[in-house]
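Some notes on the structure that comes next.
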Amino acid sequence: FLANGPVGPGSAQAGSVPPARLGPRRVHGAAALQVLSREVVHERTESLRAYPDDDLVERAEAAIWVAELPGFGIRALPLESGRPARGAVPHPVRVTGRSMSNGRLHVDVGADGMVSLRDEESGCTVADLLALEDKDDAGDLYTPSLRGAVRSARCVGVRTVHRGPLRATIETRWRVAVRRGQSATARLRLSLDADATVLRIALSGENGADDHRLRLRVRTDAAAPVV
């Protein structure tokens, strides 16, 4: 909570309340804490019989490292102001250039958006992990009827979102020119956590074209896959 927001006639103040920035936070019982996002927003509680209550609040998303819990286990961890906790985190994740690694997995992202994944323990490498492909589709939502040549998405940007040590995230942005005046855009976020043996992939975007099918292809090292 930062301040009360004006709601209703006569409640506005002469000057706006400058958003105060909270200091670093710590969680008792956590070995480390990494703030992933922080924003100042209005949080409103509606009321049927009176004016709503509007608060100016700071909303933060963070990752913390805690001791392992049993299945369905619950533990309360108090949140306090002060210096962020620092402690031992197994296999922390780091970002170097457009690469991220936690000692278990290594991910390289090229300037063209091409993603390479290497398992550090087995040495297995998938050189071209992800691809966005687009084709004309004369079918409906249930039955595809793909036709024509494959259109490849064009990478229009690569940036680092989080640098670790608990979570590293690299984002790539893509655009597909479907036909004249129509296009689709996509955003791929690749996230690697400390001590993790999995790579998280989040895909979002905006489709401004019709009668086509945009697909994300995920490659594996399986020599004879059965689906």
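The values are calculated or read from the model by the stated rules, or taken from the named source; none is laboratory data. All values reported here derive from a predicted model rather than from experimental measurement. Note: areas computed on protein heavy atoms with side chains; ligands, DNA, RNA excluded. Shrake-Rupley method; radii C 1.70, N 1.55, O 1.52, S 1.80 Å.
Structure above, values below:
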quantity: Quotient of Cα Rg and 2.2 N^0.38 Å for the stretch 41-80, N being how many residues it contains; calculated: 1.91
quantity: The chain: C-alpha gyration tensor shape, a/c 1.5 cut-off, then a/b vs b/c; calculated: oblate
quantity: Relative compactness, the stretch 71-170, computed as alpha-carbon Rg over 2.2 N^0.38 Å; calculated: 1.60
quantity: Descending principal axes extents, the stretch 135-222, alpha-carbon based, whole Å; calculated: 46, 32, 21
quantity: C-alpha center-to-center spacing [the stretch 107-186, the stretch 193-227] in angstrom; calculated: 7 Å
quantity: Relative contact order (%) - criterion: Cα under 8 Å, at least six apart; region: the chain; calculated: 16 percent
quantity: Accessible surface, per residue, of the chain when the full set of protein chains is kept, probe 1.4 Å, Å²; calculated: 65 Å²
quantity: The stretch 105-212 - percent of accessible surface contributed by carbon and sulfur, probe 1.4 Å; calculated: 46 percent
